[in-house]
């Protein structure tokens with residue numbers, strides 16, 4: 001099943017949940033209200049996409065652990 005499939009499942013990601021969007025991206029939603037708080041889009045070849053996603057994850061972790069910098 002592709003992420004842009006109308007049957008894309010919601011994925012419980014701990015404090016958040018991921019919801020597939022029609023454009024192939026994933027919305028990161030607040031679980032109680034369903035408010036979209038971020039969007040994730042990874043496209044292209046699997047190997048470079050995975051490397052890019054890893055780098056983005058490290059960057060986002062820095063933002064969370066050092067807010068306002």
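Brief remarks follow.
- Going from the fewest other Cβ atoms within 10 Å to the most, the residues 19, 37 appear in the order 37, 19.
- Taking every C-alpha pair closer than 8 Å and separated by at least 6 residues, the mean separation divided by the residue count of the stretch 11-65 gives a relative contact order of 19 percent.
- Exposure proxy order (Cβ contacts within 10 Å, fewest to most) of 17, 59: 59, 17
- The alpha carbons of the stretch 11-65 occupy a box of 34, 31, 14 Å along the principal axes, longest dimension given first.
FYI, it's all coordinate maths here, none of it is from the lab. All of these numbers come straight from a predicted model, not from anything done at the bench. Neighbour counts are summed over all protein chains in view; Cβ atoms, including those assigned to glycine, are modelled from backbone coordinates with ideal geometry.
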